[in-house]
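Here is the structure we will look at.
The values are calculated or read from the model by the stated rules, or taken from the named source; none is laboratory data. Computed from a prediction, not measured in an experiment: that's the story for all the values here. Virtual Cβ from ideal backbone geometry, glycine too; neighbours counted across all protein chains shown. The accessibility values were calculated without ligands, DNA or RNA, using every heavy atom of the protein model including side chains. Shrake-Rupley method; radii C 1.70, N 1.55, O 1.52, S 1.80 Å.
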Amino acid sequence: MKMVFAIISKSDEDITVTALNEAGFFATKLSSTGGFLKKTNTSIIVGTDDDKVPQVLDILRRYAGKRIDEMPYVAPSMSRPSAGVGAPYVTVPTSAGGATVFVLDVSAFEKF
Ligand code: 2BA
């Protein structure tokens, strides 16, 4: 048995834990804080069989991995009323997500 311990962005926690649960994995979410940037992140613990670790990693990569998202951008000039209703909708590519994952051997697992 293995324990997958993943540190992910807080904004990805809901979709990631939901995807893990829907795939049949038990998961525990911990609110955590990065030691360097002091920013809140989320740690997820999943206990699972060795052969299912790749599936857990796939889900983490898919829902919490590093990616480029298009974020809406409103320039100060566009937020003025004179910009009108037809002001263009602009997005900027922004880096998002990112997971740091540890896979640990579990020497014993019990539920009482
Ligand atoms: P990442 O390497 O993507 O790490 C994101 C968060 O994952 C970290 O937040 C920390 O909470 C956790 N983490 C990463 N590696 C870990 C490890 N080996 N053991 C335990 N937890 C780990 P922060 O500590 O706030 O770091 C945020 C970002 O700042 C890091 O992104 C990295 O790009 C940079 N960073 C962190 N420590 C650094 C250092 N000592 N020197 C230079 N840059 C650093």
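Annotation note: of Lys10, Lys111, the sole residue that is open to solvent by 80 Å² or more (accessible area, probe 1.4 Å) and over 14 Å from the mean Cα position of the chain (by Cα) is Lys111. Please identify the pairs in which a residue from segment 59-78 that is more than 30 Å from Ala23 (Cα to Cα) and in contact (Cβ under 8 Å) with a residue 60 or more places away in the chain has its Cβ atom under 6 Å from the Cβ atom of a residue that is part of a helix (DSSP H, G or I) and among the hydrophobic types (A, V, I, L, M, F, W, C), counting only partners at least 6 apart or on another chain. Within 6 Å, no pair qualifies. Could we say that Gly86 is away from the ligand (no atom under 16 Å from the Cβ) and at pLDDT below 95 here? It is true that Gly86 is away from the ligand (no atom under 16 Å from the Cβ) and at pLDDT below 95. Among the residues of segment 45-55, is there at least one that is more than 14 Å from the ligand (Cβ to nearest atom) and without any contact (Cβ under 8 Å) to a residue 24 or more places away in the chain? Yes, segment 45-55 contains a residue that is more than 14 Å from the ligand (Cβ to nearest atom) and without any contact (Cβ under 8 Å) to a residue 24 or more places away in the chain.
For segment 1-12, enumerate the residues that are touching a helix residue (DSSP H, G or I) at 6+ places or on another chain (Cβ under 8 Å) and part of a helix (DSSP H, G or I).
Asp12
Take segment 50-66 and flag every residue that is outside any helix (DSSP H, G or I) and either modelled with pLDDT under 95 or open to solvent by 80 Å² or more (accessible area, probe 1.4 Å) (or both). The one that is outside any helix (DSSP H, G or I) and either modelled with pLDDT under 95 or open to solvent by 80 Å² or more (accessible area, probe 1.4 Å) (or both): Lys66.
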